[in-house]
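Colleague: I have a structure here, written as structure tokens, and I will follow up with some questions on it.
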Amino acid sequence: MNYIVSGNGTMTIVVDNQSYTIGYDHPNYLAIKECVNNNDAENIVTLMDIPASIEDYAEGKVTVVNGVLRYEDEEIHNTLTERIMSMMRDGFSFEPMVKFLANVLENHSNRAVQELYTFLENKNLPITEDGCFLAYKAVTHDYKDKWTKQIDNSIGETVGMQRRKVNDDCGIGCADGLHCGAIEYVEGYSNCRGDEHDDKIVIVKVNPKDVVSVPTDSQCQKVRTCEYQVIADYEGPLNNLVHKSEDGEEWTQDEFAHFMNGLMGSEDGEEYEEK
């Protein structure tokens, strides 16, 4: 093995008469540098070959084989898959994102999928260990929806309606469907007077496959879905509530930010709910 390092850190390495150029932006740059310093030619080629440095993985209909991510045997290339592969290379906990991708690809509306990416990137809402996301919702003091006052939103309840009855036009704000969103959106229509009749703010869990549209009237701060599960009362910021697996292992804020910052590149609510 022979090598030379330029002034900007770029390494040119020759192994078995094959030349490789490694820039500082290579995901395995530091590991390759260590191999160079230790004259470890055996492992350096594998590190330079990005697909080979990603272990094979399978989760439901999603597989990663030879560095290629597939869904039901179809090769998938988008910003989300690129972020997942980057997390795998960098040693982050990527399993929630694979499950999230699998759920997203179960959504039959391509427009809903694209709108959902924008919504999540805009508000950085937490992803759960089973590939869903958490959002907020304002309900009455006795946990009924604010529009009809008839739908039970008590903790533990699953609220649903037929998908075909949910309005899928993101250009229409007040329309049929189940609504939830970012905390800023919820604060815009909740009523808190300081008495026993104050609205409750609850945390709901939404499967990406059930999202129908992301209305543009609230600056992409809410979603219209056909189902959600009420999981808890909101008692403060969710800054640290990102991912917690069944064994209690947390998906850290840094890991979450690492994913969200690469999704698609890098505020007021309204007085209605279900209709």
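Colleague: Of all residues in the range 187-216, which are over 15 Å from Lys144 (Cα atoms), β-branched (Val, Ile, Thr) and crowded, with 20+ Cβ neighbours inside 10 Å?
Modeller: Val206, Val211, Val212, Val214
Colleague: Can I ask one more? Filter the range 1-54 down to the residues that are touching a Leu at 6+ places or on another chain (Cβ under 7 Å) and modelled with pLDDT under 85, then identify the one that is surrounded by the fewest Cβ atoms within 10 Å (Cβ to Cβ).
Modeller: Result: Ser53.
Colleague: Of all residues in the range 150-170, count the ones that are small (Gly, Ala, Ser) and either assigned to a loop (DSSP other than H, G, I, E, B) or more than 18 Å from Ala135 (Cα to Cα) (or both).
Modeller: Residues in the range 150-170 being small (Gly, Ala, Ser) and either assigned to a loop (DSSP other than H, G, I, E, B) or more than 18 Å from Ala135 (Cα to Cα) (or both): 2 in total.
The values are calculated or read from the model by the stated rules, or taken from the named source; none is laboratory data. Bear in mind that the values here come from a model prediction, so they are computed numbers and not experimental data. So basically every Cβ, Gly included, is an ideal-geometry build from the backbone, and we count neighbours across all protein chains shown.
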